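To keep things clear, I will list the structure first and then write my remarks on it.
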Amino acid sequence: MSEFRTIWTTADRNVEVIDQRKLPHEYTVVKLTTYKEAEMAIKAMIVRGAPLIGATAAYGIYLAVREMIEKQLDGTFLDQAFSDLRASRPTAVNLFWALDKMRAAIDNSDDFLETSWRMAGEIVEEDVETCRMIGVHGLPLIEEIAKRKAGETVNILTHCNAGMLGCVEWGTITAPVYQAMKKGIKVHVWVDETRPRNQGSNLTAYELTRHNVPHTLIVDNAGGHLMQHGMVDLVIVGTDRTTRQGDVANKIGTYLKALAAQDNKIPFYVALPSTTIDWTIRDGLKEIPIEERDQDEVRYMIGKNQESGKIESVLICPETTPASNYGFDVTPARFITKLITERGVCDASEAGLTTLFPEMKTE
Ligand code: MRU
């Protein structure tokens, strides 16, 4: 679909990713040659977004296997790589899904190197196809609104970045948007800036610009006002972890958008690859670990100095003011109109999810 991907391999079997910390001002590629570099890329948010974190961790394991063989280290090195990568970020479940898949593949193989290389590649390709299918199933929801509005522009609000930069290609929330545009439907996206890391202004706005999607950047608190004034037709967000009963953890602030959407009777959709479903838990509020990040992400803002052209970090509060920095919040299933998955659209409930994924029924 796209002219670029977020993760790819090189002829010498290393891995390259885009340094997302530098977007939209600089497009820089980072080479990952060891699992420690992959771990750092996840921790420092060079890569981020649930599916891309999983894909990077998978290649991290391939790099660990290679180092283990080259340096003739024993299996404890690989065990350490698994546990370091597992600890790199706590909320997005794709990380654990990808690592479990890598472990199972390696444990069932005599050729660790080829198996881990192949499995990481499969995880990446699976994400591309999954997101494409989310687009196929999400498109009718946009089409229906366009029909109701007699061809007028459909206004979509999104939070954080759940586009291709959070995945490998297509993205989850952007896949239906790109498909709608391809069909000639007029769309416009309200982009929440998404403090404190500004994934909306830095990343979503960047990729919508690259794909010529009409969009407008808004401050995080504007969504409710826009909804009250009929300026939003639907909300679509991504997710880092979805429970069996359809509760969704996503970037902090998502819950407030869901509340405002419900008050204004605006459909609130969550687009997700099934790899973000944690089938082992039900109650998102009690069971999803919420990442707490460095307070300086809140106290400082990073941007481009218009005069010098340099990227700078500026303090936006008194030197001594402390900050709290919860990375995610949980939107309970009752606020979610539908989940959009690669297998179709369903209610945000155990019954809804297991209709699409009958193999996950418990009895
Ligand atoms: O902290 P981040 O940038 O990794 O958070 C990302 C999100 O919250 C995304 O919405 C989510 O991972 C879905 S990406 C398709």
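Just so it is clear, none of the values below were taken in a lab; they were calculated from the coordinates. Fair warning: this is a prediction, and the values are worked out from it, not measured in the lab. Cβ placement follows ideal geometry from the backbone for every residue including glycine, while neighbour counts extend to all protein chains displayed.
Key figures for this structure:
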| item | result |
| --- | --- |
| Net dipole in debye of segment 37-196 [+1 Lys, Arg Cβ; -1 Asp, Glu Cβ; about Cα centre; nearest 20] | 1000 |
| Tilt relative to the chain, helix 112-148 - C-alpha long axis, 0 to 90 degrees, to 10 | 10 |
| Exposure proxy ranking, count of Cβ atoms within 10 Å, fewest first, for 201, 83 | 83, 201 |
| Debye, to nearest 20: dipole size of the chain, +1 on Lys, Arg Cβ, -1 on Asp, Glu Cβ | 1080 |
| Three-way shape label, segment 1-158, alpha-carbon gyration tensor, a/c 1.5 | prolate |
| Between segment 235-264 and segment 74-96, the alpha-carbon center distance in angstrom | 27 |
| Modelled FRET efficiency - R0 41 Å, residue 324 with residue 111, Cβ distances, 0.05 increments | 0.30 |
| Rough spin-label spacing in nm, given labels placed 7 Å along Cα→Cβ, for residue 351 and residue 306 | 5.5 |
| Taking 256, 165 and counting other C-beta atoms within 10 Å, the order from fewest to most | 256, 165 |
| Top positive-direction residue, dipole computed over the chain with Cβ charges, set 199, 176, 34 | 176 |
| Cα centroid separation - segment 132-196 against segment 9-43, whole Å | 27 |
| Value of Rg/Rh across the chain [Cα atoms, Kirkwood radius] | 0.97 |
| Considering only segment 137-360, percent of DSSP beta bridges that pair antiparallel, nearest 5 | 45 |
| Shape of segment 288-346, Cα gyration tensor, a/c cut at 1.5 | oblate |
| Angle between the chain longest axis and helix 254-263 axis [Cα atoms, degrees, rounded to 10] | 30 |
| Least to most buried among 229, 25, 211, 137 (fewest other Cβ within 10 Å first) | 229, 25, 211, 137 |
| For segment 233-363: rounded, prolate or oblate by the Cα gyration tensor [a/c cutoff 1.5] | prolate |
| Nearest 10 degrees, 0 to 90: helix 50-70 Cα axis against the chain principal axis | 10 |
| Label-to-label distance, nm, for residues given as residue 150 and residue 77 (7 Å Cα→Cβ offset) | 7.0 |
